[in-house]
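> Before we start, here is the structure in question, set down as structure tokens.
Nothing in this text is a laboratory measurement; each read-out follows from the coordinates by a stated rule. Please read all numbers here as calculations on a predicted model, not as lab measurements. Please note: Cβ atoms are built from the backbone with ideal geometry, for glycine as well, and neighbour counts cover all protein chains shown.
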Amino acid sequence: MIKLGVNIDHVATIRQARKTFEPDPVTAASLATLGGADIITVHLREDRRHIQDRDVRLLKEMVFTKLNLEMSIAQEIVDIALEIKPEQVTLVPEKRHEVTTEGGLDVVSQKKILIDVVKRLTDANIVVSLFIDPEEHQISASRDVGAQYIELHTGNYANAADDASMHRMIEKLQAGMKTALKLGLRVNAGHGLTYHNIGLLVESIDVEELHIGHSIISRAVFVGIQKAVSEMKELIFKHYLQKRQNTQ
Ligand code: PXP
């Protein structure tokens, strides 16, 4: 069964709007887990716009499923990861003025530094995943730098303007998945996924983990985070079963 990673950054975004103590992303992590989240994800950004160091430390103490830390390859952040030791790290590109992670990591042009960062994290028993666009050269470079997982960027699928381009993006993700598996990489996916576009993706590609943030937290504002997560889990399960029936 596909695992669901819930990104709780935006709970911290609301807290940081007032720089107060509420809502606490640590509480959100507990409730998301009760709702069925298999993984809790946070992005410790260099500018600390939402998640704070204290959150990552507390989450490491209380998350009993899996903590996935999204982060850049900045030295300061790598050192924090090596100290806190989340179960998994997903390396992402980071630009100060972006609203969210815009594109995949350019592994090809940063091979040298990535070999070093991936080795340091792997030596500390942290699983390393690279968030990349579904491009063949980025996938094979991810293998070359020693990553165990890639997370395929689903943003172009999510933002597709019409059905034809949505299906073209699905074909791209399927091709990327095939290339990655052939190279011995394990594959996750995420970004821009919602209650509306999750079905086709689940029925089209067989990833291990789906990482979803904004849509779940948006729904949580109205129905509560536990329910928002369980509704997403049910949708994923429904489409996963549908796919299995279609292939029998
Ligand atoms: N995966 C990665 C690597 C991300 O950077 C993000 C955004 O923080 C997500 C998944 C979740 O994206 P969204 O908030 O659009 O669901």
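> Do we find a residue being assigned to a loop (DSSP other than H, G, I, E, B) and in contact with an Asp or Glu (Cβ under 6 Å, 6 or more places away or on another chain) anywhere in segment 76-90?
no
> Please work out if D53 is surrounded by fewer than 17 Cβ atoms within 10 Å (Cβ to Cβ), more than 15 Å from the ligand (Cβ to nearest atom) and not small (G, A, S).
The answer is yes for D53.
This table checks each residue for (1) hydrophobic (A, V, I, L, M, F, W, C); (2) over 18 Å from the mean Cα position of the chain (by Cα).
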residue	(1), (2)
T13	no, no
P23	no, yes
L31	yes, yes
D38	no, no
L58	yes, yes
E70	no, no
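> If a residue has to be away from the ligand (no atom under 12 Å from the Cβ) and either assigned to a strand (DSSP E or B) or hydroxyl-bearing (S, T, Y) (or both) to count, how many in segment 200-228 make the cut?
Here the count works out to 1.
> Can you name every one of the helices (runs of 4 or more DSSP H) wholly within segment 94-199 that holds 3 or more residues which are over 17 Å from the mean Cα position of the chain (by Cα)?
Fully inside segment 94-199 and qualifying: 111-123, 136-144, 163-182.
> Any residue in segment 71-84 that is among the charged types (D, E, K, R) and surrounded by 15 or more Cβ atoms within 10 Å (Cβ to Cβ)?
Checked against the condition, which is being among the charged types (D, E, K, R) and surrounded by 15 or more Cβ atoms within 10 Å (Cβ to Cβ), segment 71-84 yields no hits at all.
> Okay, moving on. Could you please find all residues in segment 219-238 being among the small types (G, A, S) and either surrounded by 15 or more Cβ atoms within 10 Å (Cβ to Cβ) or free of Cβ contacts under 8 Å to residues at least 12 places away in the same chain (or both)?
Across segment 219-238, the qualifying residues are A220, A228, S230.
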